[in-house]
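Below is one structure, written out as structure tokens, with a few remarks after it.
The values are calculated or read from the model by the stated rules, or taken from the named source; none is laboratory data. All figures in this text were calculated on a predicted structure; none of them were measured in a lab. So basically every Cβ, Gly included, is an ideal-geometry build from the backbone, and we count neighbours across all protein chains shown. Please note that ligands, DNA and RNA were not included when accessible areas were found on the heavy atoms of the full protein model with its side chains. Shrake-Rupley method; radii C 1.70, N 1.55, O 1.52, S 1.80 Å.
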Amino acid sequence: MSSNRVVVLGASGFIGSHLVAQAETSGRDVVGLSSSDIDLSAAEATEMLASILRSGDTVVHSAAIAPAKNAAEAAANLIMTDNLVRAAEGLRLGQLVVVSSDAVYGSASGVVTEKTVCAPDSFHGVMSLGRELTCAEITTDVFTIVRPAPVYGPGDTHNSYGPNRFTRQVLDDGQISIFGEGVSGRDHVAVEDVASVIVRSMTQLESGVVNVASGQMRSFLEVAEIVRSAAPSGVGVSSVGSETNPTFRSFDVSDLVRRFPDHVPTLPEIGIPAMLRAMGKS
């Protein structure tokens, strides 16, 4: 039993805000809830959220303190998620989408697929896996776990090392700083792609894990050069500190392509300059 209504928790967040915009464009009836509407960590959150949720709803849980940098932040995220579980007691949702993280796989080098064993080695990874396991207690027709690669785009609040930080450095002082030689490689995914995959999952209705990535690993030096080439002339790239034990993390996106054959991942060479232009205008 599903309806056209989508309840987005964390609607004002980095991913949540882009998701709300795309879901509304697709014709969904969207109820966006942010911390200003309901503080999910508060004792009264369960009752407040229970008064809003209905059987048949699609609920997207993107509310989180992210990244969780310590035990206290990880614990706060689990309290927020537990309050969602309690609020949904007695309901049967049409679909539950948990926005998680590739941090559940740990940080070792390798090629990640949906079948890669979870081995979190950070507070953020442990917290993300804990949110997934906690949400599995909710009764729903379709349970979808979305695990994005490191996300970049306008509205980022984390300033994480890579496209987001390099773009801010260009806009702030015209210089990009990388650790050591910047040889470590990562897949970086555009936030619009993450939102698009979540919206598509509401139509496709297949339970399970969905990794969202571009399928294109780039070294941090290559990312810095992409940002530099899209910036006004005079921007430089300098090395600071050291890069100990470089790691290389790529994604096999064949299952993503199987699920959503009409989804075309955004290449870093396209998405990163677009982010720079958008942030420069704002």
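For the chain, the longest principal axis of the C-alpha atoms and the axis of helix 220-230 are separated by about 80°. Share of carbon and sulfur in the accessible area of the chain stands at 54%, probe radius 1.4 Å.
Rounded to the nearest 20, the Cβ-based charge dipole of the chain about its Cα centre (Lys and Arg +1, Asp and Glu -1) stands at 300 debye.
Run the helix sum for the chain: -39,500 (n - 2.57) per DSSP H stretch of 4+ residues, divided by residue count, reported at 222 nm to the nearest 500 deg cm²/dmol.
On the way: 9 runs with 104 residues, N = 282.
So the helix-based figure for the chain works out to -11500 deg cm²/dmol.
Which percent, to the nearest 5, of DSSP beta bridges fully inside the chain are antiparallel?
Close to 10 percent.
Relative contact order for the stretch 105-202: 23 percent, from Cα pairs under 8 Å spaced at least 6 residues apart, divided by residue count. When the charge dipole of the stretch 8-109 is built from unit charges on Cβ atoms (+1 for Lys and Arg, -1 for Asp and Glu) and taken about the Cα centre, the candidate among Asn70, Gly10, Thr58 whose Cα reaches farthest toward its positive end is Thr58.
Nearest 10 degrees is fine. How inclined is helix 163-173 to the longest principal axis of the chain, computing both from alpha carbons? The answer is roughly 60 degrees. Here the simple spin-label model places points 7 Å from the Cα toward Cβ, and for Phe248 and Glu73 these points are separated by 3.0 nm. A Cβ-based charge dipole, computed about the Cα centre of the stretch 42-115 with Lys and Arg at +1 and Asp and Glu at -1, lands at about 140 debye.
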